[in-house]
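Engineer: Right, I'll just put the structure down here and ask away after.
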Amino acid sequence: MGSKERIIKQKEDVRNKIIAAAWRIVKKEGWQAMSMRKIADSIDYTAPIIYGYFDNKDALLVELTRQGFLKLADRLRQAKAKHKLPAKQLEAMWFTYWDFAFDEPQYYKLMFGVDVNCYCEMGQCMETEMPSDIFSEVIEELVASSNNPNTDVCKKYYLFWSVIHGLISINMVNKGKSDKLNQEILKDAITGIIRTIVV
């Protein structure tokens, strides 16, 4: 490895250390506890070194938000790939979305501003396909095969998202109903919205 490649790798390693340290603080103490000083102290760097990689706390939070969207998009693609029919794909994808929210609550809260300030507009955080694009593509397929080919795909996506994000938020901020009841509500919501498209 040449000196240029070594320098690039060292910079990437330091950047990853900073992100990992931020993540450890968040998991232990929550988003509000994270600060550039605390990150620097936890990895024995000076604050100016941290600022050499991220201009401020918001810049670091934008990067963490971006990583969350990438993780969610990857999971949605995997769920979609397990089914051939658009209705089944949508159901699997929305259940995956739900699971992501509770498997990765720190990411979800930051990504969607649940109990924490949202630092990044979804489109600004991604250099690739957004989760909303993945959902909309499948909704579009379902609409194309329905009796209502003029259905507004964007409206249907926001209907799905509003209901499911709302249910997630209720459960995150104030513990909602039992898991069994939540799963039934989620299934009813998804099935009901799909029915409005295909009928």
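Every number here is computed from the coordinates shown, using simple stated rules; none is lab data. Predicted model, so just to flag it, every value in this text is computed and none were measured. Cβ atoms come from the backbone with ideal geometry, glycine included; neighbour counts cover every protein chain shown.
Engineer: Of 4/38; 80/187; 9/71; 9/109; 28/155; 28/156, which ones are farther than 28 Å apart at the Cα?
Structural biologist: 4/38; 9/109; 28/155; 28/156
Engineer: How much mean residue ellipticity at 222 nm does the chain get from its helices, if each DSSP H run of length 4 or more adds -39500 (n - 2.57) and you divide by all residues, to the nearest 500 deg cm²/dmol?
Structural biologist: Values: 10 runs with 151 residues, N = 199.
Taken over the chain, the calculation gives -25000 deg cm²/dmol.
Engineer: Given a cut-off of 32 Å, what percent of all Cα-Cα pairs of the chain lie beyond it?
Structural biologist: Looking at the chain, the distances longer than 32 Å represent 28 percent of pairs.
Engineer: Here is a further query. Show me the helices of the chain, taken as full DSSP H stretches, that run 27 Å or more along their long axis by Cα and average 0.0 or above in Kyte-Doolittle hydropathy.
Structural biologist: Correct list, ordered by number: 153-173, 179-198.
Engineer: Between residue 49 and residue 84, what is 0.36 nm times their sequence separation minus the Cα-Cα distance? Round to one decimal in nm.
Structural biologist: Between residue 49 and residue 84, full extension yields an extra 7.7 nm.
Engineer: With r defined as the distance between the Cβ atoms of residue 42 and residue 173 and R0 fixed at 45 Å, what FRET efficiency is calculated, to the nearest 0.05?
Structural biologist: 0.95
Engineer: Further question: Rg/Rh for the range 20-84 to two decimals, with Rh computed the Kirkwood way over all alpha-carbon pairs. The partial results should precede the final answer.
Structural biologist: Numbers: Rg = 15.4 Å, Rh = 13.3 Å.
That ratio is 1.16, to two decimals.
Engineer: Continuing with the same structure: Exposed loop sites here are trypsin sites (Lys or Arg not before Pro) in DSSP loop states with at most 13 other C-beta atoms within 10 Å. What is the longest stretch of the chain lacking them?
Structural biologist: Excluding the exposed sites themselves, the longest stretch runs over 85-174.
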